[in-house]
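Here's the structure we're looking at; comments come further down.
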Amino acid sequence: MSNAAEPNLMEALVSLAKRRGFIYPSSEIYGGLNGFFDYGPLGSELKKNIRDCWWNDMVRRRDDIVGLESSIIMHPKVWEASGHVAGFSDPLVDCKVSKQRYRADQLFWSPVVVDGKAVGYVSALESEKTAEDLQAAAELFKRKKAITGTLSPVVAKDFTEAQEAEIPLIPSPATGEPGSLTAPRAFNMMFQTNVGAMTDASAVAYLRPETAQGMFVDFKNVWDTGRVKLPFGIAQIGKSFRNEITPRNFIFRSREFEQMEMEYFIHEDADWSKCHQEWIEWCRQWLLSVGLPESKLSLYEHKKEKLAFYSKGTTDIMFEYPFGVQELWGIAARGNYDLGQHATASGKPQEIFDEATKKKFVPHVIEPAVGVDRILLAVLCAGYAEEDVKDEKGNVEKRTVLRLSPRIAPVKVAVLPLLKNKEALTKRAHDLYKKLQRRYAVFYDDGGNIGKRYRRQDEIGTPWCVTIDFDTIEKPGDTFTLRERDSMQQTRITEADLFALLEDKVH
Ligand code: ATP
């Protein structure tokens with residue numbers, strides 16, 4: 001799915017992320033590793049803040065949800081029972097000449113139809129302008145082959161829809177020539193490893209491709225020990241790994257990423273649809289609470305005929321990224337499939353006893369699953385702006401600003417003594433800095449003119465700067481200049497009011 005493209009925004013963001021220490025390519029000095037990233041000093045703070053907000057809102061501030069941290073490598077039978085060994089795959093297409101690999105559902109093609117007759121085929125990789133690329137390729141094809149007549153508009157199909165006889169006729173996007181693309185085959189996305197000293201089949205294990213199975217496998221442990229009663233949820237934050245065929249769009253689709261998932265267990269007779277809707281709305285509200293604009297969020301309900309047989313319904317919260325409208329958070333109603341599968345495979349019943357009906361049953365589940373990295377990318381995309389502003393002398397200059405919510409901004413306040421060589425100023429500034437640092441991520445900056453220092457903080461999304469100036473030390477009241485990032489308004493504030501402001505806005 002795509003919409004209006006903003007390719008320059010992505011370039012600007014990737015550059016800012018590197019320049020200011022948010023995100024680096026992994027193992028960069030060795031040329032990087034496709035699909036893996038490192039979070040730098042500011043990126044790791046931002047990511048931690050997203051995780052903490054979610055954990056506080058999802059687990060600590062609710063009475064019906066408890067936390068879990070399960071191991072990344074689990075018994076291999078877990079992934080057989082869950083269906084991942086047999087079915088967690090993407091359709092892979094090889095180009096035998098260029099050795100490039102494609103995901104079949106991201107490789108598009110169309111017949112070139114002139115005067116109602118197919119005269120050849122064109123292909124293009126999925127982008128925000130796939131149809132335009134195919135149309136341009138069809139026009140070029142017609143011109144090159146000197147074919148006369150009227151060209152019909154292209155009809156874009158993905159490679160999974162190609163008939164066997166069409167596959168040899170569709171050109172490879174790498175070479176432009178037909179005949180080198182293979183038929184799609186299932187490529188399992190789980191990373192394999194070996195546990196222990198043996199390397200034979202008995203030692204094969206997997207890096208988890210989702211955190212969710214931890215909650216199912218530990219369901220009975222939590223039920224027996226967690227003092228919970230239905231409906232209740234188990235939440236977990238942790239790394240997941242998928243050997244994506246084509247990692248892309250920066251951190252949007254990577255091979256190592258972090259998930260925040262929650263399994264909400266309900267009675268088999270409960271109104272699952274109502275509960276599903278409530279969770280969709282909860283997740284939407286949560287995204288607003290960390291600063292995503294409502295106008296960039298939408299809902300996508302999966303078509304009934306495309307759902308797995310056990311699924312009752314899935315709705316994705318979509319975000320309008322610069323490269324298109326894409327899935328951010330999936331909220332699935334999974335019935336009692338997962339617990340049922342583990343009961344059968346392990347031989348350990350996963351039923352619980354219902355006091356009211358005196359019957360045993362396997363609880364059903366609603367699963368909101370979201371990626372931390374995708375949220376982080378969304379807040380960067382939504383918050384980034386380049387603006388023309390006037391400096392103190394009235395000259396117009398550019399400022400880059402990251403409008404991050406105070407809840408997740410990596411630095412909450414910057415403390416700036418007006419002059420670096422005036423001890424009364426630096427002493428008071430340092431004293432405030434140390435007090436703030438006990439509770440918040442704060443930055444102390446005494447280098448360069450004050451306007452430049454404000455700009456540096458704007459660029460990393462710091463919501464407030466406080467300047468310790470001559471009024472602070474010479475006038476009564478011990479007030480500082482508080483400068484607000486978005487409005488650039490300056491007011492005076494006392495230390496107590498500054499703490500009250502932070503207490504109100506940051507948590
Ligand atoms: P997609 O269709 O985009 O591959 P999915 O439907 O396979 O995603 P789920 O299995 O539902 O994703 O995973 C839950 C969430 O985990 C997704 O909504 C997304 O936020 C995140 N996620 C999944 N795969 C990746 C990835 N490769 N990189 C970063 N985040 C991911």
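The values are calculated or read from the model by the stated rules, or taken from the named source; none is laboratory data. In this text, all values refer to a predicted model and were calculated from it rather than measured experimentally. Positions of Cβ are generated from backbone atoms using ideal geometry, with glycine treated the same way; all protein chains shown enter the neighbour counts.
Tabulated data
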| item | result |
| --- | --- |
| Filtered residues of the range 198-234 (kept if within 14 Å of the ligand (Cβ to nearest atom) and either closer than 26 Å to Ala378 by Cα or surrounded by fewer than 21 Cβ atoms within 10 Å (Cβ to Cβ) (or both)) | Leu207, Arg208, Pro209, Glu210, Thr211, Ala212 |
| Selection from the range 235-245 of residues that are more than 10 Å from the ligand (Cβ to nearest atom) and either of a type outside the set (A, V, I, L, M, F, W, C) or in a loop (DSSP other than H, G, I, E, B) (or both) | Gln236, Gly238, Lys239, Ile245 |
| Residue check, Val325 touching a residue at least 60 places away in the same chain (Cβ under 8 Å) and within 16 Å of the ligand (Cβ to nearest atom) | yes |
| Criterion violated by Asp115 - all others in (1) modelled with pLDDT of 95 or more; (2) closer than 30 Å to Ala205 by Cβ; (3) charged (D, E, K, R) satisfied | (2) |
| Cys283 being touching a Phe, Trp or Tyr at 6+ places or on another chain (Cβ under 6 Å) and assigned to a helix (DSSP H, G or I) | yes |
| Considering residues of the range 382-399 that are over 16 Å from Thr462 (Cα atoms) and surrounded by 13 or more Cβ atoms within 10 Å (Cβ to Cβ) only, the residue modelled with the lowest pLDDT | Asp391 |
| Where Lys360 falls short, out of the listed (1) part of a strand (DSSP E or B); (2) within 16 Å of the ligand (Cβ to nearest atom); (3) over 30 Å from Glu459 (Cα atoms) | (2) |
| Only listed residue being more than 24 Å from Asp224 (Cβ to Cβ) and away from the ligand (no atom under 12 Å from the Cβ), chosen from Ala333, Ala345 | Ala333 |
| Of all residues making up the range 246-260, the number that are part of a strand (DSSP E or B) and more than 21 Å from Ser44 (Cβ to Cβ) | 1 |
| Test: residue in the range 299-317 that is in contact (Cβ under 8 Å) with a residue 24 or more places away in the chain, within 30 Å of Glu128 (Cα to Cα) and more than 15 Å from the ligand (Cβ to nearest atom) | no |
| Whichever residue in the range 430-486 is among the basic types (Lys, Arg) and in contact with a strand residue (DSSP E or B) (Cβ under 6 Å, 6 or more places away or on another chain) and, among such residues, is surrounded by the fewest Cβ atoms within 10 Å (Cβ to Cβ) | Arg455 |
| Qualifying residue in the range 172-190 (condition: assigned to a loop (DSSP other than H, G, I, E, B) and under 21 Å from the mean Cα position of the chain (by Cα)) | yes |
| Residues of the range 184-197 satisfying the condition of being touching a Phe, Trp or Tyr at 6+ places or on another chain (Cβ under 9 Å) and away from the ligand (no atom under 14 Å from the Cβ) | Pro184, Gln192, Thr193 |
| Yes/no for Ala86 being at negative phi, surrounded by fewer than 13 Cβ atoms within 10 Å (Cβ to Cβ) and in a helix (DSSP H, G or I) | yes |
| Within the range 274-298, tally of residues that are among the small types (Gly, Ala, Ser) and within 16 Å of the ligand (Cβ to nearest atom) | 1 |
